[in-house]
1. Just for the stretch 44-79: of the residues that are surrounded by fewer than 16 Cβ atoms within 10 Å (Cβ to Cβ) and among the small types (G, A, S), which one is nearest to M33 (Cα to Cα)?
2. Could you look through the stretch 39-79, keep only residues that are over 12 Å from the mean Cα position of the chain (by Cα) and of a type in the set (S, T, N, Q), and pick out the one that is nearest to ligand 1 (Cβ to nearest atom)?
3. Check whether at least one residue in the stretch 1-10 is surrounded by 13 or more Cβ atoms within 10 Å (Cβ to Cβ), at pLDDT 75 or above, out of contact with any His (no Cβ under 9 Å at 6 or more places or on another chain) and not aliphatic (A, V, I, L, M), and report yes or no.
4. Residue check, F25 against (1) at pLDDT below 90; (2) away from ligand 1 (no atom under 16 Å from the Cβ), all met but one. Which one?
5. Among what's in the stretch 29-38 and is part of a helix (DSSP H, G or I) and crowded, with 16+ Cβ neighbours inside 10 Å, pick the residue that is farthest from the chain's Cα centre (by Cα).
Amino acid sequence: MKTSSKLIFVLISSLIMSAAFAQGFTRSMAKTMDADQDGKITQEEYMKHSSDMAAWTKMDTNKDGILDEREIQYGFTDK
Ligand SMILES: [Ca+2]
Ligand SMILES: [Ca+2]
């Protein structure tokens, strides 16, 4: 039972992940991108996971080259 529910969870997570890549960015992706876990995503951290600079430009609203907590909250959704 435990193993199968784990499997379903992984399956659902990967489905959500692929949907996220098609539609936008999720909070879990933000956590993955934030390699040093300081709550901010630098352009360097971002570029290890995405080359979508149009999305970066959109999310980095104050153009300082870092996505801070507020910008992550705005740019990364769970939808
Ligand atoms: Ca960081
Ligand atoms: Ca910024």
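1. Among them, the one singled out is S50.
2. T42
3. no
4. (2)
5. M33
The values are calculated or read from the model by the stated rules, or taken from the named source; none is laboratory data. This one's a predicted model, so the numbers in the text were calculated from it and none came from an experiment. Ideal geometry is used to build each Cβ from the backbone, glycine not excepted, and the neighbour counts take in all protein chains shown.
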